[in-house]
Amino acid sequence: MLCTLCPRACGAARTETSGGGVCAMPSLPVVARAALHHWEEPPISGRNGSGTVFFSGCALQCCFCQNYEISAGNFGKELTVQQLADVFLSLQKQGAHNINLVNPTHYAPWVAQAVRLARPRLQIPVVCNTGGYESMETLRALEGVVDVYLPDFKYVDARRSARYSGASNYFKTVSAALPEMLRQVGAVKMDANGVLQKGLLIRHLVLPKGVGDSIAVLEWIASNLPRNEVLISLMAQYTPSYH
């Protein structure tokens with residue numbers, strides 16, 4: 001395939017066994033880790049943990065990535081669609097509150113197939129956990145598959161997004177993606193234990209010398225999304241893990 005799944009639309013020739021482009025990954029999903037995870041936001045982790053599936057590779061390659069061993073190291077186990085569906089069901093059996101798809105963009109068609117294959121046995125919400133850098137076409141292909149969107153909103157300033165993530169069009173992209181995510185999943189809905197069942201939870205990491213841009217992010221959210229329908233996770237744990 002000539003890949004156009006992410007906004008870079010680089011046209012890389014990705015096959016089941018070889019990769020290319022920015023993500024440098026093959027087309028079949030490569031999973032670095034799948035396990036219960038207790039350190040997401042409380043509405044995601046709940047008491048039992050989130051059934052987190054970490055996909056290898058990334059289209060953003062942020063220089064401060066805390067998961068760079070996975071996003072840039074490109075290691076993991078290649079899975080078929082059926083095997084990925086079985087992973088989802090195994091996590092559900094372990095008591096996961098949800099299936100948490102971490103950075104699935106460059107595998108989106110196969111991930112969607114796996115979710116559909118696992119249903120109706122898969123009875124817990126599906127969370128799409130992304131960097132917010134999503135094409136409209138790929139998001140629309142996930143409609144009906146995803147119950148909760150958990151995107152980053154990293155930058156408004158194009159100079160910062162170009163410097164730190166190599167994506168000068170990040171704000172233009174994320175500002176179109178967030179309303180589409182909300183349209184798909186609707187207003188936030190929790191269960192009786194405060195675990196998110198449907199909705200949009202937006203993350204923002206405050207970067208060094210980036211308070212002004214952080215304020216711009218929050219102002220955009222307040223002006224463009226219904227305040228009583230979305231959640232925000234404001235994070236301060238910046239760590240220069242990668243470059």
Yeah, the range 46-87 with a ≥ b ≥ c from its alpha-carbon gyration tensor (a/c under 1.5 is rounded, else prolate when a/b outruns b/c, oblate otherwise) is oblate
Taking R0 as 35 Å and r as the Cβ-Cβ distance between S233 and L2, the FRET efficiency 1/(1 + (r/R0)^6), rounded to the nearest 0.05, comes to 0.50
Diffusion coefficient, µm² s⁻¹, Stokes-Einstein with Kirkwood Rh over alpha-carbon pairs of the range 173-243 at 20 °C and 1.002 mPa s:
157 µm²/s
Spin-label point model (7 Å from Cα, Cβ direction): what's the V211 to T15 distance in nm?
5.4 nm
Could you work out how much longer the chain between S90 and E143 gets when fully extended? Use 0.36 nm per residue separation minus the Cα distance between them, nm to one decimal.
16.7 nm
Could you tell me what percent of the DSSP beta bridges with both partners in the chain are antiparallel, to the nearest 5?
35 percent
The range 14-41 versus the range 108-123: alpha-carbon centroid distance in Å:
16 Å
Under the definition of Cα pairs under 8 Å and six or more residues apart, what whole-number percent is the relative contact order of the chain?
17 percent
Eligible lysines near K198 by straight Cα distance, threshold 16 Å, same-chain separation 8 or greater
K189
So the carbon and sulfur contribution to the accessible area of the range 145-193, 1.4 Å probe, in percent, is 50 percent
If a/c stays under 1.5 just call it rounded; otherwise compare a/b with b/c (prolate if a/b is bigger, oblate if not). Do that for the range 137-201, with a ≥ b ≥ c from the square roots of the Cα gyration tensor eigenvalues.
prolate
Of all trypsin sites (Lys or Arg not before Pro) in the range 152-243, the ones in DSSP coil with at most 15 other Cβ atoms within 10 Å are K209, R227
Between E219, E41, E69, where does the largest GNM mean-square fluctuation fall for the chain, given springs only between Cα atoms within less than 10 Å?
E219
Classify the range 33-151 as rounded, prolate or oblate from the Cα gyration tensor: take a ≥ b ≥ c as the square roots of its eigenvalues, call it rounded if a/c is under 1.5, otherwise prolate when a/b beats b/c and oblate if not.
rounded
Which of [x] 43; [y] 34; [z] 26 is the computed percent of Cα pairs over 28 Å apart for the structure on display?
[z]
Solvent-accessible area per residue for the chain (1.4 angstrom probe, square angstrom):
45 Å²
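The values are calculated or read from the model by the stated rules, or taken from the named source; none is laboratory data. The model shown is predicted, which means the values in this text are computed figures rather than measured ones. Note that we place each Cβ from the backbone using ideal geometry, even for glycine, and neighbour counts take in every protein chain shown. These accessible areas exclude ligands, DNA and RNA; they are computed on the full protein's heavy atoms, side chains included. Shrake-Rupley method; radii C 1.70, N 1.55, O 1.52, S 1.80 Å.
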